[in-house]
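A.B. asks: Have a look at the structure that comes next, please.
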Number of protein chains: 2
Amino acid sequence: MTPCLLLDEEQMSRNILRLRDRLAHSNVSFRPHLKTVKSIDVARQMLVRPEGPATVSTLAEAEYFADHGVRDLLYGVGLTHSKVSRVARLRALGTDLSVVLDNVDIAEALGKAARDSGDRIPALIEVDCGDHRGGVDPEDSSTLVAIASALTSSGARLRGVMTHAGQSYQCRSVSEITRVAEIERGAAVRAAATLKAANMSCSVISVGSTPTALFGADHGGVTELRAGVYVFFDLVMAGLGVCQTSEIALSVLSTVIGTRPRERRLIVDAGWMAMSRDRGTAQQRIDQGYGLICDTSGRPYPDFIMLESSQEHGQLGVRPGSESPLPPLSVGDQVRILPNHACATASQHEVYHVIRGQPAVVQTVWHRIRGW
Amino acid sequence: MTPCLLLDEEQMSRNILRLRDRLAHSNVSFRPHLKTVKSIDVARQMLVRPEGPATVSTLAEAEYFADHGVRDLLYGVGLTHSKVSRVARLRALGTDLSVVLDNVDIAEALGKAARDSGDRIPALIEVDCGDHRGGVDPEDSSTLVAIASALTSSGARLRGVMTHAGQSYQCRSVSEITRVAEIERGAAVRAAATLKAANMSCSVISVGSTPTALFGADHGGVTELRAGVYVFFDLVMAGLGVCQTSEIALSVLSTVIGTRPRERRLIVDAGWMAMSRDRGTAQQRIDQGYGLICDTSGRPYPDFIMLESSQEHGQLGVRPGSESPLPPLSVGDQVRILPNHACATASQHEVYHVIRGQPAVVQTVWHRIRGW
């Protein structure tokens, strides 16, 4: 039944190996981010060991992966007061869950929970390396030391620093990604040096994003690397030069439900509900609309994209300016649609239909979780 | 726990009454579209009778609502071959499910299924009134008659015609909506006249979208009206002039997790996972970013919007060009965020937290379904 989410397991394995190979001769530990996959079946293939380490983006993910035996977890979104008790509860059940924060207020709230539970809850100080989403300026020594002091004096534990170069998604070339990776590394290492100079312990120095993990030239001073979307890749990553479109492991299977030859359009039964509203390639050199259209073997048709989408309808057509012909597709024919953003498209689906072989055969179904 | 989806039940009831009052003195039947709500608890308040009529956008919705006693259902997305057997199965269980189609090929496939099952499956011919998403040109008499003939001669049943003025979402004024409503009505009525002139029965003439349902001046010749988003409203509808922002019944509750006074930004724990990536107001006169920020009572802060979003982070700030001050919010404070597009934002959540009263108190939780 279409639309549905296809996961090419062999391509996924190659993507996992690619990053593993890259990190094989480095001294950094790898903590995959599971927010992209939200599935223990995929996570098991990404994890270095079944018990972790891993990164999550919600406490619902933390609880789910802990239930499935992942015991070393980093909750990578700035903590709030109302979530402290849930963190403490999960730790009391035996999970080594650490948190990130960037202000004294939350550090003290965490300390209070730590004292109440008799558990020195570990925290990483979030550092802003230029993404400006959250985090302390790495040059702001007084704030870094104030948070670190608040943590240790209040009863919590300072485990280290973390940063994420989200700006790597806006790079225009691989060499620019390499420069951003160096900025990311530098910010984390400098913040850690500030803490160490103030006699604060800082055992973890954690950095990462898929582009910087794959194209960073130097891990000097870093102890841990994080990445998530590398497992599937997507059109945004291909547009950055991080992967080829042939390396994208995720696609949406869809059926042609109408043809409009006069407007050179085909209508399919995948709209934004199946693709998400993500338009991450809109600012890239090649705008892929709501997705790049492939035949059922996964080979892209030239310049054939989803131009418009409504809830359950996608309008396919040739990219404006292209002279490529409209593929000879009729009502009832199927296509595979590569997503702009794997995290966003996968989140629209309850399950992965795991395919292998050529022609692709669905081997099994893997469930995803959602919510907070 | 934030982020979570709040539904103001009293406001929702007023929105439902508004359209009901508008249709009270007309002769058209009302078939609410349940794709926005995907919840039997909300649907029960929209439905004229518990058994329907209603419109759905997926067969998963059809099965779910049929399970909950809604027996008169229109599946409003163009049928494909692979879905015919599922339609026949649902009908065999006692649901009067009708389908829409716009080509002879599917009409014949439906006819074959009808003969096989001994059930004259009813279909509406989809007409294109200018949205160009699907449907037959209303002036294309030969195609209209060919589809109607294919339906009746193959063993299925022609129930009527349907059209949807999706272009009403791009209108710039209420008077333009009224004009589009007249185009929508005219297309359906002309297509029906073509079929009747060819001695085809056409008992249902179905039109609708929330804007045209609320601002259409004339229902002459129409037998049935459809609308969905009117139940919640959203910022796109407010931007069109269809509602006030104070009439939006849906919001996302979120917590401040960081402050960046230098950049005049606040960071909250609702990103695109909670809001969706929908940027439906981007082309309107007032761009609301990823949502308009309100205090916990639901009153908007002046010009305060979500400027950027990542998966679990939202960056709030004052709209560019505005001199409004940054609201005095600190880490741990909560805000309510009005969505651009109710269908898209609601689909990111598993449940509605139904609130009533001032200050709002969560009365109950209503579940939503998803998938296809």
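The values are calculated or read from the model by the stated rules, or taken from the named source; none is laboratory data. Because the structure is a prediction, the values reported are computed rather than measured. No Cβ is skipped: glycine too gets one built from the backbone with ideal geometry, and neighbour counts run over all protein chains shown.
So that you can scan it fast, the table gives a plain yes or no per residue for (1) more than 20 Å from A:Ala60 (Cβ to Cβ); (2) touching a Leu at 6+ places or on another chain (Cβ under 9 Å):
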| site | (1), (2) |
| --- | --- |
| A:Tyr75 | no, yes |
| A:Gly78 | no, yes |
| A:Lys83 | no, yes |
| A:Thr95 | no, yes |
| A:Ser98 | no, yes |
| A:Asp105 | yes, no |
| A:Arg115 | yes, no |
| A:Glu126 | yes, yes |
| A:Asp137 | yes, yes |
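A.B. asks: With respect to the numbered conditions (1) in a loop (DSSP other than H, G, I, E, B); (2) touching a Gly at 6+ places or on another chain (Cβ under 6 Å), which one is the sole condition not fulfilled by B:Arg336?
C.D. replies: Going through (1) in a loop (DSSP other than H, G, I, E, B); (2) touching a Gly at 6+ places or on another chain (Cβ under 6 Å) one by one, B:Arg336 breaks only (1).
A.B. asks: Among the listed residues A:Arg133, A:Arg159, A:Arg115, A:Arg185, identify the single one that is under 23 Å from A:Val70 (Cβ atoms) and in contact (Cβ under 8 Å) with a residue 12 or more places away in the chain.
C.D. replies: Values: A:Arg133 fails: under 23 Å from A:Val70 (Cβ atoms); A:Arg115 fails: under 23 Å from A:Val70 (Cβ atoms); A:Arg185 fails: under 23 Å from A:Val70 (Cβ atoms).
Being under 23 Å from A:Val70 (Cβ atoms) and in contact (Cβ under 8 Å) with a residue 12 or more places away in the chain holds for just one of A:Arg133, A:Arg159, A:Arg115, A:Arg185, which is A:Arg159.
A.B. asks: B:Asp234: crowded, with 17+ Cβ neighbours inside 10 Å, more than 10 Å from every other protein chain (Cβ to nearest Cβ) and acidic (Asp, Glu), yes or no?
C.D. replies: yes
A.B. asks: Related question: A:Val207 - would you say it is within 14 Å of chain B (Cβ to nearest Cβ), of a type in the set (A, V, I, L, M, F, W, C), closer than 26 Å to B:Met273 by Cβ and in contact (Cβ under 8 Å) with a residue 24 or more places away in the chain? Full working, then the answer.
C.D. replies: Details: within 14 Å of chain B (Cβ to nearest Cβ): no; of a type in the set (A, V, I, L, M, F, W, C): yes; closer than 26 Å to B:Met273 by Cβ: yes; in contact (Cβ under 8 Å) with a residue 24 or more places away in the chain: yes.
Taking the combined requirement at face value, the residue does not satisfy it.
A.B. asks: Suppose the filter is under 17 Å from the mean Cα position of the chain (by Cα), at pLDDT 95 or above and more than 18 Å from A:Tyr352 (Cβ to Cβ); does A:Arg49 pass it? Outline the logic, then answer.
C.D. replies: On the way: under 17 Å from the mean Cα position of the chain (by Cα): no; at pLDDT 95 or above: yes; more than 18 Å from A:Tyr352 (Cβ to Cβ): yes.
No: the conditions fail for A:Arg49.
A.B. asks: Can you find, within the range B:274-309, the residue that is surrounded by the fewest Cβ atoms within 10 Å (Cβ to Cβ) among those that are away from chain A (no Cβ under 14 Å) and among the polar types (S, T, N, Q)? Give the steps one after another, and end with the answer.
C.D. replies: Just the residues of the range B:274-309 that are away from chain A (no Cβ under 14 Å), to begin with: B:284-288, B:292-295, B:297-305.
Checking which are among the polar types (S, T, N, Q) leaves us with B:284, B:288, B:297.
Details: B:Gln284: 17, B:Gln288: 27, B:Ser297: 9.
My answer is B:Ser297.
A.B. asks: Could you please give the count of residues in the range A:324-345 that are touching a helix residue (DSSP H, G or I) at 6+ places or on another chain (Cβ under 9 Å) and more than 14 Å from chain B (Cβ to nearest Cβ)?
C.D. replies: 3
A.B. asks: Separate question: For the range A:61-69, check the following and say yes or no: at least one residue is within 26 Å of A:Ala344 (Cβ to Cβ), within 13 Å of another protein chain (Cβ to nearest Cβ), modelled with pLDDT of 95 or more and crowded, with 24+ Cβ neighbours inside 10 Å.
C.D. replies: Within the range A:61-69, the subset within 26 Å of A:Ala344 (Cβ to Cβ) is A:61-68.
Remaining after also requiring within 13 Å of another protein chain (Cβ to nearest Cβ): A:61-63.
Still in the list and also modelled with pLDDT of 95 or more: A:61-63.
If we keep only those that are crowded, with 24+ Cβ neighbours inside 10 Å as well, we get A:61-62.
Yes, some residue in the range A:61-69 is within 26 Å of A:Ala344 (Cβ to Cβ), within 13 Å of another protein chain (Cβ to nearest Cβ), modelled with pLDDT of 95 or more and crowded, with 24+ Cβ neighbours inside 10 Å.
A.B. asks: Now for a different question. Would you pick out the residues in the range A:87-129 that are buried (at least 21 other Cβ atoms within 10 Å of the Cβ), among the β-branched types (Val, Ile, Thr) and part of a helix (DSSP H, G or I)?
C.D. replies: Those that are buried (at least 21 other Cβ atoms within 10 Å of the Cβ), among the β-branched types (Val, Ile, Thr) and part of a helix (DSSP H, G or I): A:Val87, A:Ile106.
A.B. asks: Test of understanding: among B:Ala238, B:Ala274, which residue is small (Gly, Ala, Ser) and closer than 19 Å to B:Ala165 by Cα?
C.D. replies: Details: B:Ala274 fails: closer than 19 Å to B:Ala165 by Cα.
The match here is B:Ala238.
A.B. asks: So, in the range B:239-261, exactly how many residues are surrounded by fewer than 24 Cβ atoms within 10 Å (Cβ to Cβ) and within 9 Å of another protein chain (Cβ to nearest Cβ)?
C.D. replies: 4
A.B. asks: Taking helices (runs of 4 or more DSSP H) that do not extend beyond the range A:147-252, which have at least 1 residues that are within 16 Å of the chain's Cα centre (by Cα)? Show your work before the answer.
C.D. replies: Values: elements: A:174-197, A:210-215, A:235-240.
The helices (runs of 4 or more DSSP H) meeting that bar are A:210-215, A:235-240.
A.B. asks: Considering only the range A:314-323, I want to know if a residue exists there that is assigned to a loop (DSSP other than H, G, I, E, B), crowded, with 16+ Cβ neighbours inside 10 Å and either facing chain B (nearest Cβ under 8 Å) or in contact with a Leu (Cβ under 7 Å, 6 or more places away or on another chain) (or both). Break it down into steps so the answer makes sense when it comes.
C.D. replies: Filtering the range A:314-323 down to residues assigned to a loop (DSSP other than H, G, I, E, B) leaves A:319-323.
Pick out the ones that are also crowded, with 16+ Cβ neighbours inside 10 Å and you get A:319.
Those still in the list that are either facing chain B (nearest Cβ under 8 Å) or in contact with a Leu (Cβ under 7 Å, 6 or more places away or on another chain) (or both) too: none.
No, the conditions are met nowhere in the range A:314-323.
A.B. asks: A further question follows. Do any residues in the range B:357-372 that are away from chain A (no Cβ under 14 Å) have Cβ atoms under 8 Å from those of residues that are surrounded by fewer than 18 Cβ atoms within 10 Å (Cβ to Cβ) and assigned to a loop (DSSP other than H, G, I, E, B), where the two are at least six apart or on different chains, and which pairs are they?
C.D. replies: If the second residue must be surrounded by fewer than 18 Cβ atoms within 10 Å (Cβ to Cβ) and assigned to a loop (DSSP other than H, G, I, E, B), the pairs left are B:Gln358/B:Ser297; B:Pro359/B:Thr296; B:Pro359/B:Ser297; B:Ala360/B:Thr296; B:Ala360/B:Ser297.
A.B. asks: Within the range B:20-76, take every residue that is in contact (Cβ under 8 Å) with a residue 40 or more places away in the chain and of a type in the set (Phe, Trp, Tyr) and give me the one that is farthest from B:Phe233 (Cα to Cα).
C.D. replies: Checked the range B:20-76; the qualifying residue farthest from B:Phe233 (Cα to Cα) is B:Tyr64.
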